[in-house]
Amino acid sequence: MSNNSTARREPVVIQVVGYKNTGKTTIVCRLTESLKQSGYTIATIKHDAHDFQIDHDGTDTWKHTQAGADMTIITSPYQTAIMQREPSTLEQLISRCSHADWILVEGFKAAHYPKLIIIRSSEDAELISSLSNPAAFILWPDTPEPVITTIQSLPYKVPILGLNDTEQMLRIVHRLRLRDNAAEQQQYGLGNLM
C-alpha cells in the first residue's frame, strides 16, 4: 500500500488500450515507474490475444505441466509464478491484485474501466467511438488531422495527450483516484473530507 495512505482502499484500475505496436507496453512501464517512485504498490495485467509460453522445455515446472498438472506454482525467496491451464477473466485477475494501490491493465478493450486510448493512425480511429470509458486519448505525433478532428467533435470532452506526455497521463490517473475516493466517501456518507 502507498506510504501516502493509511486506510485500505480498493485498487484503482486503469486500462491502456490500442492496436498492436502503438506503445501500450511503453505507457504501462512509464506509469508503473512513476507511480512506484511515489511509493505506490502496482500490479500490471497484460492480455495476449495469442498463446504464450512462460515456461521452458526441460525445467521442473515444465515437466509438472507436461505430466498433466492443471496448475503449477513455483516460488523462491524473491518471486512466485502461477501457471494454470485455463484462461482467466479480467475480473478474476483483478481480484488477485487487491493488495495493490493501482492496477494497470494492458488490453482487454471490451472491459469497462477508465482507458488511456492510444491512437497512431487512421486505422485506429474506430477505437474512438467503439471503446467505453475513455479517460484520455494518447496520440502519436503524426496522427492524421481527421482523427484529431473526430476526437474533438465527440459530444463529451476527453483530454488529448501526446505519446510522450507522461506527466499529463499521471495527472489524469491521479484524478481518477480522487474521483474514486470521492465516490467512496459519498457511498459511506462521509461528505467532503478531502
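In the set Gly68, Gly39, Gly23, Gly58, which member is on the phi > 0 side of the Ramachandran plot and touching a residue at least 40 places away in the same chain (Cβ under 8 Å)? Don't jump to the end; show me each part of the working.
On the way: Gly68 fails: touching a residue at least 40 places away in the same chain (Cβ under 8 Å); Gly39 fails: touching a residue at least 40 places away in the same chain (Cβ under 8 Å); Gly58 fails: touching a residue at least 40 places away in the same chain (Cβ under 8 Å).
Unique residue meeting the criteria: Gly23.
Take the residues in region 60-90 that are assigned to a strand (DSSP E or B) and open to solvent by 70 Å² or more (accessible area, probe 1.4 Å), then tell me which one is nearest to Gly107 (Cα to Cα). It would help to see each step written out before you state the result.
Narrowing region 60-90 to residues assigned to a strand (DSSP E or B): 71-75, 80-84.
Subset that is open to solvent by 70 Å² or more (accessible area, probe 1.4 Å): 71, 73-75, 80, 82.
Values: Met71: 24, Ile73: 25, Ile74: 26, Thr75: 27, Thr80: 23, Ile82: 20 Å.
Out of the qualifying residues, it is Ile82.
Output the number of the condition that Tyr19 fails; it satisfies all remaining conditions of (1) open to solvent by 20 Å² or more (accessible area, probe 1.4 Å); (2) in a strand (DSSP E or B); (3) within 24 Å of Gly107 (Cα to Cα).
In the conditions (1) open to solvent by 20 Å² or more (accessible area, probe 1.4 Å); (2) in a strand (DSSP E or B); (3) within 24 Å of Gly107 (Cα to Cα), Tyr19 misses (2) alone.
Across region 135-194, which residue is farthest from the chain's Cα centre (by Cα) among those that are of a type in the set (D, E, K, R) and modelled with pLDDT under 90?
Glu184
What tally of residues in region 106-119 results from selecting those that are surrounded by fewer than 21 Cβ atoms within 10 Å (Cβ to Cβ) and more than 14 Å from the chain's Cα centre (by Cα)?
0
More than 17 Å from the chain's Cα centre (by Cα) and free of Cβ contacts under 8 Å to residues at least 40 places away in the same chain, is that true of Glu91?
Answer is no for this residue.
Looking only at residues in region 120-144 that are assigned to a loop (DSSP other than H, G, I, E, B) and either touching a residue at least 40 places away in the same chain (Cβ under 8 Å) or on the phi > 0 side of the Ramachandran plot (or both), which one is most open to solvent (accessible area, probe 1.4 Å)?
Arg120
Kindly provide the set of residues from region 115-133 that are farther than 15 Å from Lys24 by Cβ and not hydrophobic (A, V, I, L, M, F, W, C), ordered by number.
Hits for region 115-133 are Ser122, Glu123, Glu126, Ser129, Ser130, Ser132, Asn133.
So Val147 clears everything in (1) in contact with an Asp or Glu (Cβ under 8 Å, 6 or more places away or on another chain); (2) surrounded by 13 or more Cβ atoms within 10 Å (Cβ to Cβ); (3) outside any helix (DSSP H, G or I) except one condition, right? Which one?
Checking Val147 against (1) in contact with an Asp or Glu (Cβ under 8 Å, 6 or more places away or on another chain); (2) surrounded by 13 or more Cβ atoms within 10 Å (Cβ to Cβ); (3) outside any helix (DSSP H, G or I), the one that fails is (3).
Take Ile103 and decide whether it is in contact with a Leu (Cβ under 9 Å, 6 or more places away or on another chain) and either open to solvent by 90 Å² or more (accessible area, probe 1.4 Å) or among the β-branched types (Val, Ile, Thr) (or both).
When the stated conditions are applied, Ile103 passes them.
The values are calculated or read from the model by the stated rules, or taken from the named source; none is laboratory data. Every value quoted in this text rests on a predicted model; they were computed, and no experiment measured them. Backbone-built Cβ (ideal geometry, glycine too); neighbour counts: all protein chains shown. The area values use the complete protein model at the heavy-atom level, side chains included, leaving out ligands, DNA and RNA. Shrake-Rupley method; radii C 1.70, N 1.55, O 1.52, S 1.80 Å.
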